[in-house]
Every structure is written in C-alpha cells, then in structure tokens.
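These notes are about the structure you will find just below.
The values are calculated or read from the model by the stated rules, or taken from the named source; none is laboratory data. What you see is a predicted model, and the numbers here were worked out from it, not measured in a lab. Here Cβ is always computed from backbone atoms with ideal geometry, including for glycine, and neighbour counts include all displayed protein chains. Note: accessible area is taken over every heavy atom of the protein model, side chains too, but ligands, DNA and RNA are not part of it. Shrake-Rupley method; radii C 1.70, N 1.55, O 1.52, S 1.80 Å.
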Amino acid sequence: MSPESIRARYAQIREEVGPAVTVVAATKYVSADDMAVLAEAGIEVVGENRAQDMEAKHAVYGDAFRWHFIGHLQSRKAKLVSGICELVHSLDSESAAGKLTVPALVEVNLSGEPTKSGVAPDDLEAFLGLYGDVRGLMTMPPLADDPEASRPDFRRLKELADARGLAELSMGTSQDYRIAAEEGATLIRVGSVLWA
C-alpha cells in the first residue's frame with residue numbers, strides 16, 4: 001500500500017463519480033499504522049465500522065481526516081461515535097437514536113434480508129420521527145457479481161429520500177459505486193478498490 005498508488009486510485013474514483021459525491025474510504029481492514037499512508041495520499045474522509053477501532057485511530061490521527069461511522073451502530077457506542085464523527089451512515093435503532101448527537105443517515109433494508117441491518121421501508125416514516133438530525137438514507141444491496149444488480153435498490157432509495165426531502169444518499173461500495181453515482185449517491189463507501 002503506497003501513497004502514490006492510493007492517490008492515483010482516489011483521483012480516478014473522484015473523477016468517475018464527480019464533485020457532488022463524497023468518497024468515503026472504508027478503513028475496516030486498514031491498520032492504525034497504515035492510516036498514515038491514507039493521510040499522505042490525500043484521503044479526506046474515512047469511514048470506520050467499529051467504534052473501538054475508530055477511537056484508537058482517531059487518537060493517533062485526529063483531524064487528519066473527517067470521520068464517518070459506517071458500521072452497525074450499537075446504542076452503547078453512540079456517545080463514543082458522537083464525540084468523533086461528523087456523520088453516522090447507519091442509524092437503525094430507536095435506542096441508538098436516543099443517544100446519538102451528530103447528524104445521521106437512516107439505514108434502510110430494501111432487500112428484506114434478515115442478516116442485514118436497517119429499517120424496513122414501510123417503517124421508515126415512523127422511524128424518521130425518532131431523530132431530529134437525519135440528513136438522508138443509506139442502503140447495502142445484496143452482494144452480486146454484476147454491479148447492475150444494485151441499480152434497483154439504489155433507485156428505490158433515491159425515491160424514498162426524495163419523497164421525504166432528504167438530500168444525502170450513502171450507497172455504493174467498491175463493487176458498485178459507479179452505478180450508485182449514476183443513481184444519485186452523494187456518498188460512496190469504498191475500500192478494496194482504493195488499495196488493490
């Protein structure tokens with residue numbers, strides 16, 4: 001993992017998705033030591049999946065990055081996450097909503113997969129009333145070999161957001177970020193495509 005190769009891939013992705021889309025570098029599998037390489041490469045926003053890992057990395061790198069939380073948010077970690085992040089992408093429980101103090105996106109489970117987190121589309125309207133600083137929506141479509149398979153979920157998420165006047169859409173990962181950008185993503189979460 002070299003700063004030069006990451007910088008080049010980051011620039012390519014930013015060019016592909018355009019200036020209206022924030023590229024969030026998913027750092028779940030990046031060690032605290034390797035975060036220095038990301039800073040040197042010019043990565044601006046990082047997304048962490050685990051509150052403890054985010055806390056440890058933030059203690060070393062602080063304001064070198066803008067911090068987003070992209071993993072499942074446990075209510076007992078909401079205070080910790082609120083103290084570090086500028087945005088949570090994965091709000092989906094009433095208990096976490098009661099403890100969170102930073103802007104959030106509501107995670108929507110469009111596929112109905114029981115193994116996935118997120119609020120069911122039919123429950124979204126009621127859930128939005130639980131938290132006063134919802135900026136938008138996030139989804140994780142089922143893993144598929146063909147990135148086009150994600151398009152219907154991305155389109156549906158945009159429809160749900162538009163109907164509620166929500167501007168931010170976090171959708172698209174290394175496998176399907178181009179499709180997500182075409183369908184209106186304002187944030188994409190990429191990892192492997194940056195370091196591969």
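Only one entry in GLY98, GLY191 is in contact (Cβ under 8 Å) with a residue 60 or more places away in the chain, small (Gly, Ala, Ser) and surrounded by fewer than 22 Cβ atoms within 10 Å (Cβ to Cβ), namely GLY191. Could you tell me which numbered condition MET140 fails, if it satisfies all but one of (1) touching a Lys or Arg at 6+ places or on another chain (Cβ under 7 Å); (2) at pLDDT 95 or above? Looking at each condition in turn, MET140 falls short on (2).
Residue-by-condition table, conditions (1) in a helix (DSSP H, G or I); (2) open to solvent by less than 60 Å² (accessible area, probe 1.4 Å); (3) without any contact (Cβ under 8 Å) to a residue 60 or more places away in the chain; (4) touching a Leu at 6+ places or on another chain (Cβ under 7 Å):
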position	(1), (2), (3), (4)
ARG7	yes, no, yes, no
GLU15	yes, no, yes, no
VAL23	no, yes, no, no
ASP33	no, no, yes, no
ALA39	yes, yes, yes, no
GLY47	no, yes, no, no
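Annotation for the range 149-163: at least one member residue is closer than 14 Å to ALA185 by Cβ, among the small types (Gly, Ala, Ser), touching a strand residue (DSSP E or B) at 6+ places or on another chain (Cβ under 6 Å) and in a helix (DSSP H, G or I).
Taken together, the residues in the range 101-118 that are open to solvent by 10 Å² or more (accessible area, probe 1.4 Å) and closer than 20 Å to ARG189 by Cβ amount to 11.
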